[in-house]
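> Before we start, here is the structure in question, set down as structure tokens.
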Amino acid sequence: MFKEMLETIIERTEGSLGALIMGTDGIAVEKVLGQPGVDANLDVAAAEFTSLVRGAQRAGVDTGLGALRELVVSLDEVVLLMRLLSKDYFVVLALNSGGNIGRGRFELRKAELILAKEFAV
């Protein structure tokens, strides 16, 4: 089910390099990477950016502003969209610099709604 969901996100979002479901421990639950995503070591990048997700989660709680829902990291070559599925899991979509960020955000939100029950604690 997870692999099919990630494949759908990639197919529907122009400029997609890959998509992953990650644990906040930095371990991928599932991943679907196109060749450009493999070449760019996106699975390694997603694991590295897990620390940003954990930090943003803490900052939201510590400041009383609420739980983290989404995080966007824009780099020279890649944009990473991260959407929380639960406090312990999130989905990552990597786009090339010209990718459709709006469509990517929409697809991640749809995935969150569909997968929420799978990651409920």
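> Counting only residues that are open to solvent by 30 Å² or more (accessible area, probe 1.4 Å) and either at pLDDT 95 or above or of a type in the set (D, E) (or both), which one in region 75-95 is farthest from E14 (Cα to Cα)?
My answer is D88.
> Which condition number does A40 fail, the rest of (1) crowded, with 18+ Cβ neighbours inside 10 Å; (2) under 13 Å from the mean Cα position of the chain (by Cα) being met?
Result: A40 passes all but (2).
> If I filter region 53-64 down to residues being of a type outside the set (S, T, N, Q) and open to solvent by less than 80 Å² (accessible area, probe 1.4 Å), which single residue comes out as farthest from I9 (Cα to Cα)?
Among those that are of a type outside the set (S, T, N, Q) and open to solvent by less than 80 Å² (accessible area, probe 1.4 Å), it is G64.
> Please go through (1) open to solvent by less than 30 Å² (accessible area, probe 1.4 Å); (2) more than 24 Å from E14 (Cα to Cα) for A67 and return the number of the only condition it doesn't satisfy.
(1)
> Here is a further query. Got at least one residue in region 89-107 being under 21 Å from I27 (Cα atoms), part of a loop (DSSP other than H, G, I, E, B) and either out of contact with any Leu (no Cβ under 6 Å at 6 or more places or on another chain) or of a type outside the set (F, W, Y) (or both)?
Among the residues of region 89-107, not one is under 21 Å from I27 (Cα atoms), part of a loop (DSSP other than H, G, I, E, B) and either out of contact with any Leu (no Cβ under 6 Å at 6 or more places or on another chain) or of a type outside the set (F, W, Y) (or both), which makes the answer no.
> How many residues are in contact with a helix residue (DSSP H, G or I) (Cβ under 8 Å, 6 or more places away or on another chain) and buried (at least 20 other Cβ atoms within 10 Å of the Cβ) when one looks only at region 7-31?
Residues flagged as in contact with a helix residue (DSSP H, G or I) (Cβ under 8 Å, 6 or more places away or on another chain) and buried (at least 20 other Cβ atoms within 10 Å of the Cβ) within region 7-31 amount to 9.
The values are calculated or read from the model by the stated rules, or taken from the named source; none is laboratory data. Worth saying up front: this structure is predicted, and the values here are computed from it rather than measured. Heads up, the Cβs are rebuilt from the backbone with ideal geometry, glycines too, and the neighbour counts pull from every protein chain shown. What goes into the accessible areas is simple: the full protein's heavy atoms, side chains included, and nothing from ligands, DNA or RNA. Shrake-Rupley method; radii C 1.70, N 1.55, O 1.52, S 1.80 Å.
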